Amino acid sequence: MGASVPTPADAAGGAAPLLSVRNLSVEFQVEGGQVQAVRDISFDLRPGEILGLVGESGSGKSVSMSSLLRLNPSPPARITGGSVLFQGTDLLALSERQLRRFRGREIAMVFQDPAMSLNPVQTVGSQITEAMQVHDRGLSRRDARARAIELLDLVGVPAPTVRYSQYPHEFSGGMRQRAMIAMALSNRPKLLIADEPTTALDVTVQAQILDLLQDIQREEQVSIILITHDIGIIAEVADRVLVMYAGKVVETAGVGPLFETPLHPYTRGLLASLPRLDAPGGDLPSIPGQPPSLNPPPSGCAFHPRCSLSAGRERCRTELPDLADAGGQHHVACHFFAELRDSAPPGAAGEPAATDMDRGYAR
């Protein structure tokens, strides 16, 4: 069993977390065995916080967050352990009928590709109003329509009254994503999970969507979990960061400490691969090798075959590291993180590893 991360309440004057995940594990039944996609992860989310969840494709980010609402198809997916407490209620212990009261109402999700999530034969407005009326049977069609138009305006869709009656194919990619965010907000959820919400968009629209999420967090007082494979995206968006590798959380910290002093070699590799205006030209550094197979997971630290710090040390090959307290709400799963503590972070010493300009976003 992995070490639990101390709750944010410890650093927030005793405020209870909105979401508390403990020792969550998920596996998929495949030909030849089980893939342990999520392995014993724990974290807390405080009210009004933006939490960035980052890692390479296949690290378990989307599977872990979909599992909070049991959205992964079963079979082949199976939650094998853990608890998910949302305001004190364990979502994993609820019946499917009980869980429907939370999906879309208390917790909403924005998926990666809005074109796949929106119904092409229904108007955008009707899909938003349907999301509201499912959870509020007493809501009139007129009031639902007014709320939908208000939401489209809130997320920056131009001419919302006109757009309400249009179909998804009449929206651009960026506007479809805005419409999905409007639908997610329709029932005033307390938690919004955004799964790679900018992947299919050009960099200018990406920046607009990220700004929108920050505006929503401030205006609606909603907590957000932002899932991404691009650590640069969360540089100025998130309050805290969870870095995942091979189904486990390998580092977690506030966004400032993590970018200034990353303590896991994998996190350093991700940060070093970001383009920087103050760096010399040439090819960007990359992490050698590939993520491991999780059928079964490798022994010891899953990152050790790609890790220059490990250098074949026996402890890395044989002993799985737990999340250790590195001080200041900074936790890292590395046997030898102390050797990195005083060394220079990726890029210029003491400077953040990414800015809007580094990411090429137009603001």
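Derivation of every value follows stated rules applied to the coordinates shown; laboratory data play no part. All values reported here derive from a predicted model rather than from experimental measurement. FYI the Cβ positions are ideal-geometry reconstructions off the backbone, even for glycines, and counts take in every protein chain you see.
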Nearest-0.05 FRET efficiency for Asp202 and Ser273, computed from C-beta distance (R0 25 Å):
0.75
Can you compute the label reach from Arg188? Point 7 Å from Cα along the Cβ direction, backbone N cut-off under 19 Å, restricted to the range 151-170.
151-155
Pick the calculated Rg and Dmax of the Cα atoms in Å for this structure from (1) 19.8, 61; (2) 20.9, 67; (3) 21.9, 78?
(2)
Provide the gained length on full extension for the span Arg141 to Glu170, in nm with one decimal, where the gain is 0.36 nm per separating residue minus the Cα-Cα distance.
8.1 nm
Once both labels are modelled 7 Å past Cα along the beta-carbon direction, what's the Glu130-Arg100 spacing in nm?
1.5
Checking Gln177, Gln290, Gln214 against a Gaussian network model of the chain (alpha-carbon springs below 10 Å), the top fluctuating residue turns out to be Gln290
Sorted by average packing, counted as other Cβ atoms within 10 angstrom per residue and highest first, what order do 68-80, 36-48 take?
36-48, 68-80
